[in-house]
Each structure stands twice: as structure tokens, then as C-alpha cells.
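Just below is one structure, and these are the notes that go with it.
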Amino acid sequence: MIRIVCPNPATDRTILLPKLIVNEVNRAISTYVVPGGKGINVARACKYFQKDTTVYGFVGGAEGKGIRHGCRRMGIFDRWTEIKGNTRVCNIYVEKDTGRATVINEPGPTVTEEEENDLKNKLQTDTREDDIVIMSGSLPSGVSSRFYTELVDTLSGKQAKIIVDTSGKALQYAMQVKPWLVKPNLEEFAEISGFDPHTVDYRDLLKEMKKYVNQGAEQIIVTLGKDGLLYAGRERCFRIKSPSIPAVNPIASGDTLLGGFVSNYVQTGDIEESLKLGVACAAANAMSQYPGIPSDADIGSLLAQIEVQKAD
């Protein structure tokens, strides 16, 4: 089973405009509303490949109810923790003419210790040997930066494969508990490593990734946007280049990559081939106006364009 912890879900409202003009009245072409948050984006990609997932997180208020209903309509199982606060809304403004996306995240709710413990207990009770548990996204107010670390401790002895995709202190702490895989993007990894993401050489980036592999996480994926990803494990390292595509909206591409990767890995156990599929899924997502893999996406054609290079 693929279990996904999404502590800070949101209602994603994608607003398509010809162009976003500041200090002017803007008229939308269309609006698309779906359950969002990094973990839900991962679950949506898994569902594309007909892989069942169970999502855990905190939801409350009218937006929380909408997320519950939306996930069920998509066929995503859930074990949400109901909270007193209101789930946030994420507004995504996409320019049709340029493909530029502007994201405005509302402040999220504050989660109590009792609500936090409810999620931990549900996850601990449900998790079985060989499950993949993905801990994805930012943390709501009231939740410690060590939350993911505490979840890993809660699952000790379960022999589950833990994947962490977060940022800041939460990512730093997660590295220390030796998860099976960590997947930050370049900016997130740069933040905890202290280098400039705009000038770093990929060879230096790989050296830094290897340090963390030697000290903690079993393997690290650093996503590079349109340039693909770098992978560092204890036995090998490689780079996967993304296909050249007409990008429309890159929002949620990293989450879609993770969903495609996990969906293939649970079936094949092959890291490299699973990451290739993940990169193809990310490209398909970026070619769409709205988050997710389009139903008519030609994943096979995208896969054929993907290049894998060994890295030292």
C-alpha cells in the first residue's frame, strides 16, 4: 500500500488568464478547482496508474469537506483528521500566452496537539510491512518542524519505506532519521546545504548529495525543473534529462514525478526505470494547463526522449 501524509492540504484554484497585469482588472478565461497540496498531487498521479493510495492529513471547515469529497470522487482513500480550523485555499494564476504561473497560498489552520496525535495514531495503526509511506509538503501552524521525524519514529519497526519531500528545517531534521528516500527540489536542497542554486555546478551538487547519503538518507533525488533530476544512492549516481516540451504550467510537476516513480517502483522495484517514468509524468503535467497527468498524455513518446547519464 502507498500511504501519503499530506499535513497541509489546500483547495487548489487554478485561474487561467491571457496575461496577469498588476494594478489592473483581470478577466479569467476559466477557473479549475481541485483538492490540492503536495501529497494529494502525488496521490492523483498514482491514481492515473491505477495504484491505490491512502492519504492522511488535517482538514477542517467548508474547504476541508470539499477536499474529502473531491478525493473520494477521484478514488483516493483517506484517513483525514478533522480539525477545528479551516483548510486553506491556494490560488494559482496561469498566463495562457506565456505559461508563467503565480501562486498565492493562504495561511493555513493551526493544528492542536490532540489533532496531531490522532494522525500519528492512525498512521501507526494502518502501516504494514513493506508499505511505502510518503511524507509530503509543508507543515501547518502548531506542528513542530520535527513532525516528520516523529512520524518516522512512530513507524520504527514497521519496515516501511519512508519517502520525505519537504523543505527547510523539516527537511534537515528528516535527513537525520535515515529515510529510504528524500526528494527536495534544487532550491530546497540549496537552502539546507548553503550553496547558491543559480550558480552551482552539477558536479558540486552531486558531491553534496553524496554527503547526505553517507550521513543519513539511503538515497536522494534532487529535481531540477526542466533539466530533469540528479539521483545519488549508496551504490550509484546518475542524471536523468527531461524531454524538451512546450511547457504550459509547471505547478505540481515535482509531485507528479514522485507519483509516477512510486507507481512504477511498487510494481518493478527498478529505481532507474521508475525515475524515468517519473520524469515523463512531470513533463506531461507541465504540458497541461491544470495539475495532473492529462488523460490523453503520450507517456510512451515522452519516455523515448529521456536520456540517462551516469554521474560520478
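Confirm whether ALA174 is modelled with pLDDT under 95, more than 23 Å from GLN309 (Cα to Cα) and in a helix (DSSP H, G or I). When the stated conditions are applied, ALA174 passes them. The residue pairs whose first member lies in region 77-97 and is under 26 Å from ASP52 (Cα atoms) and touching a residue at least 60 places away in the same chain (Cβ under 8 Å), whose second member is outside any strand (DSSP E or B) and aliphatic (A, V, I, L, M), and whose beta carbons are closer than 7 Å, counting only pairs six or more residues apart or on different chains, are THR87/ILE67. Identify, by number, the condition in (1) touching a strand residue (DSSP E or B) at 6+ places or on another chain (Cβ under 9 Å); (2) at positive phi that LYS161 doesn't meet. Single failed check for LYS161: (2). Taking every residue in region 165-191 that is closer than 15 Å to SER253 by Cα and pairing it with any residue that is acidic (Asp, Glu) and buried (at least 20 other Cβ atoms within 10 Å of the Cβ), at least 6 positions away or on another chain, the pairs with Cβ-Cβ distances below 6 Å are LYS183/ASP165.
From the list GLY70, GLY57, GLY64, which one is out of contact with any Pro (no Cβ under 7 Å at 6 or more places or on another chain) and either within 22 Å of ASN285 (Cβ to Cβ) or of a type outside the set (Asp, Glu) (or both)? Of GLY70, GLY57, GLY64, the one residue that is out of contact with any Pro (no Cβ under 7 Å at 6 or more places or on another chain) and either within 22 Å of ASN285 (Cβ to Cβ) or of a type outside the set (Asp, Glu) (or both) is GLY64.
Residue-by-condition table, conditions (1) hydroxyl-bearing (Ser, Thr, Tyr); (2) farther than 19 Å from TYR148 by Cβ:
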position: CYS90; (1), (2): no, yes
position: TYR93; (1), (2): yes, yes
position: THR98; (1), (2): yes, yes
position: GLU113; (1), (2): no, no
position: LEU119; (1), (2): no, no
position: THR125; (1), (2): yes, no
position: GLU129; (1), (2): no, yes
position: VAL133; (1), (2): no, no
position: GLY137; (1), (2): no, no
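Scanning region 168-179 for residues that are within 29 Å of ASN86 (Cβ to Cβ) and surrounded by fewer than 18 Cβ atoms within 10 Å (Cβ to Cβ) returns GLY168, LYS169. Counting just the residues of region 227-280 that are acidic (Asp, Glu) and surrounded by fewer than 17 Cβ atoms within 10 Å (Cβ to Cβ), which one comes out farthest from the chain's Cα centre (by Cα)? Filtering region 227-280 for residues that are acidic (Asp, Glu) and surrounded by fewer than 17 Cβ atoms within 10 Å (Cβ to Cβ), the one farthest from the chain's Cα centre (by Cα) comes out as GLU235. Checking the stated criteria, ILE40 turns out not to satisfy the condition of being free of Cβ contacts under 8 Å to residues at least 40 places away in the same chain, within 28 Å of LYS226 (Cβ to Cβ), surrounded by fewer than 17 Cβ atoms within 10 Å (Cβ to Cβ) and not aromatic (Phe, Trp, Tyr). Just so you know, in region 1-25 the residues that are surrounded by 14 or more Cβ atoms within 10 Å (Cβ to Cβ) and among the polar types (S, T, N, Q) include one that is modelled with the lowest pLDDT, and it is THR14. Kindly check whether there is at least one residue in region 198-208 that is over 16 Å from ARG234 (Cβ atoms) and crowded, with 23+ Cβ neighbours inside 10 Å. Looking for residues that are over 16 Å from ARG234 (Cβ atoms) and crowded, with 23+ Cβ neighbours inside 10 Å, one finds none in region 198-208, hence no. Name the residue, out of ASP97, ASP52, that is at pLDDT below 95 and under 18 Å from the mean Cα position of the chain (by Cα). Checking each option against the conditions leaves just ASP52. The set of residues from region 59-105 being surrounded by fewer than 16 Cβ atoms within 10 Å (Cβ to Cβ), farther than 18 Å from VAL248 by Cβ and touching a Cys at 6+ places or on another chain (Cβ under 7 Å) comprises just one member, ASN105.
If you go through region 129-156 and pick out every residue that is touching a residue at least 12 places away in the same chain (Cβ under 8 Å), more than 19 Å from CYS46 (Cα to Cα) and either crowded, with 21+ Cβ neighbours inside 10 Å or of a type outside the set (Asp, Glu) (or both), you end up with 15. Entry remark, region 206-243: residues being of a type outside the set (D, E, K, R) and out of contact with any helix residue (DSSP H, G or I) (no Cβ under 8 Å at 6 or more places or on another chain) number 3 in total.
Counting only strands (runs of 3 or more DSSP E) that sit wholly inside region 229-312, those with at least 2 residues that are without any contact (Cβ under 8 Å) to a residue 60 or more places away in the chain and out of contact with any Cys (no Cβ under 7 Å at 6 or more places or on another chain) are 229-233.
Each residue in region 180-197 was checked for being touching a strand residue (DSSP E or B) at 6+ places or on another chain (Cβ under 7 Å) and buried (at least 17 other Cβ atoms within 10 Å of the Cβ), and 7 of them qualify.
The values are calculated or read from the model by the stated rules, or taken from the named source; none is laboratory data. In this text the structure is predicted, and so the values were computed from the model without any measurement. Please note: Cβ atoms are built from the backbone with ideal geometry, for glycine as well, and neighbour counts cover all protein chains shown.
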